[in-house]
Amino acid sequence: MKKIILTADRPTGKLHIGHYAGSLKNRVKLQNSGEYDKIFIMIADAQALTDNADNPEKVRQNIIEVALDYLSCGIDPQKSTILIQSQIPQLCELTFYYANLVTVSRLQRNPTVKSEIKMRNFEASIPVGFFTYPISQAADITAFDATTVPVGEDQKPMLEQTSEIVRKFNSVYGRTLVEPSILLPDNKASLRLPGTDGMAKMSKSLGNCIYLSDSADQIRKKVMGMFTDPDHLRVADPGKVDGNPVFIYLDAFSKQEHFDRYLPEYENLDALKNHYRRGGLGDVKVKKFLISVLEEELEPIRERRKIYEHDIPGVYDILKKGTEKALETASATMSRVKDAMKINYFEDRQFISEQIKKYSE
Ligand code: ATP
Ligand code: MG
């Protein structure tokens with residue numbers, strides 16, 4: 001079986017280091033491993049509209065931002081197909097048919113949808129489109145026959161729901177769809193990077209992000225203002241490392257070589273953590289180290305972004321070509337699905353000849 005990747009991001013803002021740690025970094029690695037036959041990277045504008053229906057301009061503006069973030073992180077359009085979701089009508093078609101295989105109570109139980117409804121204060125009036133977006137995500141994944149979906153941990157319930165839809169579809173209509181596997185980051189801290197405010201998830205909707213396109217100065221200010229351990233008031237006080245976002249970011253991004261370069265007095269991250277726990281290590285010192293670590297990772301991304309920012313028509317061309325290519329794959333899947341569901345009235349010659357026979361008897 002071919003190995004195919006699909007992942008997506010909602011164009012609701014620029015991409016942040018949570019996206020990078022949770023998914024984007026992995027995508028670039030997998031892309032360059034040469035182990036995958038096809039890689040589809042989707043800008044999920046239709047999904048973004050499910051909770052931004054009144055703000056299409058925001059979604060429209062952010063398509064190019066997300067595309068610039070992809071390219072500057074090393075997504076290579078020669079190796080990966082970047083596409084725009086709304087331009088592939090088959091994704092709506094698939095969603096419509098898959099909806100018949102999912103119950104309302106199953107959607108209500110989806111933990112990601114549950115927490116996102118809460119976060120958006122949608123409890124009293126949930127848009128139907130938002131409520132059903134796990135179904136459209138199943139359409140996105142299966143339209144491209146994806147075997148592998150590299151995402152952050154928040155997407156686990158979505159992948160489970162997709163697998164259920166695939167199994168249900170295949171059992172009702174015969175083996176047609178490919179069941180995908182989730183690929184989570186190896187690094188535990190990257191599964192769900194917290195926000196700079198200490199909230200459980202860095203998220204565009206919560207405004208607690210360090211963006212890939214932030215300037216060195218913005219990064220410095222954001223890190224210096226980061227939530228740490230509220231009980232660590234004086235340098236001498238013992239501090240908490242668990243749940244402290246500064247240390248979680250170091251878990252996600254620091255490498256041994258960073259210690260050799262910026263903090264040679266500490267052997268490694270464990271030594272730094274132990275000192276913080278004991279007391280006598282101030283937040284400022286740890287934050288300054290984090291700034292250096294992040295700057296090493298983000299500076300080359302920022303520089304590549306500048307190059308693409310000077311060629312916006314070229315970026316739109318990449319999106320157009322990728323979308324056209326993706327359309328071919330999605331229509332092939334759609335034909336297979338229609339055959340399986342017997343909604344291929346005009347293509348099924350045998351069916352037509354049976355009808356002729358029936359009425360001529
Ligand atoms: P929104 O608030 O609009 O939902 P978001 O910040 O959650 O935006 P998405 O576009 O929904 O971002 O997520 C895109 C991808 O990035 C998904 O694979 C998701 O798992 C991953 N991701 C997003 N935020 C994080 C995070 N804080 N840590 C790890 N992975 C993340
Ligand atoms: Mg999200």
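Only one of the listed residues (Leu233, Leu191, Leu177, Leu184) is surrounded by 15 or more Cβ atoms within 10 Å (Cβ to Cβ) and more than 16 Å from ligand 2 (Cβ to nearest atom). That residue is Leu177. Scanning for something touching a residue at least 40 places away in the same chain (Cβ under 8 Å) and more than 33 Å from the chain's Cα centre (by Cα), does region 328-340 turn up at least one residue? No, that holds for no residue. The residue list Gln31, Gln108, Gln78, Gln87 contains one member that is surrounded by fewer than 24 Cβ atoms within 10 Å (Cβ to Cβ), under 17 Å from Thr333 (Cβ atoms) and either of a type in the set (S, T, N, Q) or within 16 Å of ligand 2 (Cβ to nearest atom) (or both), which is Gln87.
Mind listing whichever residues of region 194-211 are charged (D, E, K, R), at pLDDT 95 or above and buried (at least 20 other Cβ atoms within 10 Å of the Cβ)? Listed by number, the list is empty, since nothing qualifies. Please work out if Leu159 is within 16 Å of ligand 2 (Cβ to nearest atom) and under 26 Å from Ser72 (Cβ atoms). The answer is no for Leu159.
Inspect all residues belonging to region 280-293 and state whether any of them is part of a helix (DSSP H, G or I) and under 27 Å from Pro77 (Cα atoms). No, that holds for no residue. For region 40-51, state whether one or more residues are over 13 Å from the mean Cα position of the chain (by Cα), modelled with pLDDT under 95 and assigned to a loop (DSSP other than H, G, I, E, B). Checked against the condition, which is being over 13 Å from the mean Cα position of the chain (by Cα), modelled with pLDDT under 95 and assigned to a loop (DSSP other than H, G, I, E, B), region 40-51 yields at least one hit. Just one of the listed residues (Tyr70, Tyr98, Tyr20) is crowded, with 18+ Cβ neighbours inside 10 Å, part of a helix (DSSP H, G or I) and in contact with a strand residue (DSSP E or B) (Cβ under 7 Å, 6 or more places away or on another chain), namely Tyr70.
The values are calculated or read from the model by the stated rules, or taken from the named source; none is laboratory data. Computed from a predicted model, the values in this text were never measured in an experiment. FYI the Cβ positions are ideal-geometry reconstructions off the backbone, even for glycines, and counts take in every protein chain you see.
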